[in-house]
Each structure stands twice: as structure tokens, then as C-alpha cells.
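The values are calculated or read from the model by the stated rules, or taken from the named source; none is laboratory data. Here the structure is a predicted model, which means the values were calculated and not measured. Glycine also receives a Cβ, built like all others from the backbone with ideal geometry; neighbour counts cover every protein chain displayed. These area figures cover heavy atoms from the full protein model, side chains too; ligands, DNA and RNA do not enter into them. Shrake-Rupley method; radii C 1.70, N 1.55, O 1.52, S 1.80 Å.
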Amino acid sequence: MKNTKICDCDIVHEDVIKKVKSKMPEDETLSDLSDFFKVIGDGTRIRILWALDESEMCVCDLANVLNMTKSAISHQLRSLREANLVKFRKSGKEVFYSLADNHVKEIFEQGLIHIKEEKK
């Protein structure tokens, strides 16, 4: 177990408390942020996000890359769409998925960088 340091003082830093409280987002915003991380916290969905970070793909291609059924991929894509993490475009009968925007791409890639740094 890591050696955890615990603050053993009785000093309250009012200026810090006031500053932090003044910037604290609304509870609803923090709840939405928590839900966002829950959605990307699923192993299958993170694999789909990784694949879509590499390339726009259709359900059939995602199913092949991830060795899953099209039904399973579609189910997970629905959750990712509802969370505004992926978008789609139609081309004839085909539907192609991609990351919703650069924010999603940056969050995903920064997470990977952080994890790789921890392993060094």
C-alpha cells in the first residue's frame, strides 16, 4: 500500500475555500460530468472510441476490428451517441461513425498519454 500523507493541521485557509467555492460548478453540471466518465468507463465503449480515433468506420468494420457482433456494436454506439461522443453520417445504405468532435478526440488521446506515462 502506498504511504498516504494526511493533513494533521487545524488551520482553515478561508481565502482558498472562498476561491474554490466561487468557481465550483453547479451540482447538475458535475453530475453530467460524472455520467460522461461513466459512459467512457466501459471497456467495450473505450475500444470503440479507440477505433474511431483511428478512422471513421461503419458498424460492420467496427464489429470486425473488435471481434464482436454488429448488434453488440450498435448497442454500444447508441450509448455513445446519446452521450454526444460519436456522430454518424449516411452514405447511401451505409452509416459511418466518427468521434463527435475534437474535444472527444483530445480527451481520449490525453487519457492514453496519461496511462502510458504511468507505466514508465
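Comparing Val39, Val65, Val86 in a Gaussian network model of the chain where C-alpha atoms under 10 Å apart are linked, the largest mean-square fluctuation is found at Val65. Considering only Leu99, Leu62, Leu30, the Gaussian network model of the chain with Cα springs below 10 Å gives its largest mean-square fluctuation to Leu30.
Note that the chain presents 80 Å² accessible area per residue, ligands and nucleic acids not counted, probe 1.4 Å. By the Cα gyration tensor, the chain has an equivalent ellipsoid whose semi-axes, rounded to whole angstrom, run 38, 18, 12 from largest to smallest. Amide H contacts of Val86: Arg81, Ala100, each under 5 Å away and 5 or more positions distant or on a separate chain (H built 1.01 Å from N in the peptide plane; Pro and chain starts excluded).
Mean sequence separation of contacting Cα pairs (under 8 Å, at least six apart), scaled by the length of the chain, corresponds to a relative contact order of 20 percent. Between Lys87, Lys18, Lys38, the GNM of the chain built on Cα springs shorter than 10 angstrom shows Lys18 fluctuating the most.
Computed from backbone phi with θ = phi - 60° and the Karplus coefficients 6.51, -1.76 and 1.60, the 3J(HN,Hα) list for the range 74-86 is 4, 4, 5, 4, 4, 4, 5, 5, 4, 8, 6, 9, 10 Hz; x is used for glycine and proline.
Counted residue by residue at 0.36 nm each, then reduced by the alpha carbon distance between them, the extension gain from Val12 to Asp35 reaches 5.1 nm.
What the phi angles of the range 99-114 give under the Karplus curve with 6.51, -1.76 and 1.60, with θ = phi - 60°, is a coupling list of 5, 4, 6, 5, 4, 4, 4, 5, 4, 4, 5, 5, x, 4, 4, 4 Hz, glycine and proline written as x. For the chain, the dipole from Cβ point charges (+1 on Lys and Arg, -1 on Asp and Glu) about the Cα centre works out to 460 debye, to the nearest 20. Per residue of the chain, the DSSP helices (runs of n ≥ 4 H) give a summed -39500 (n - 2.57) that works out to -19500 deg cm²/dmol at 222 nm.
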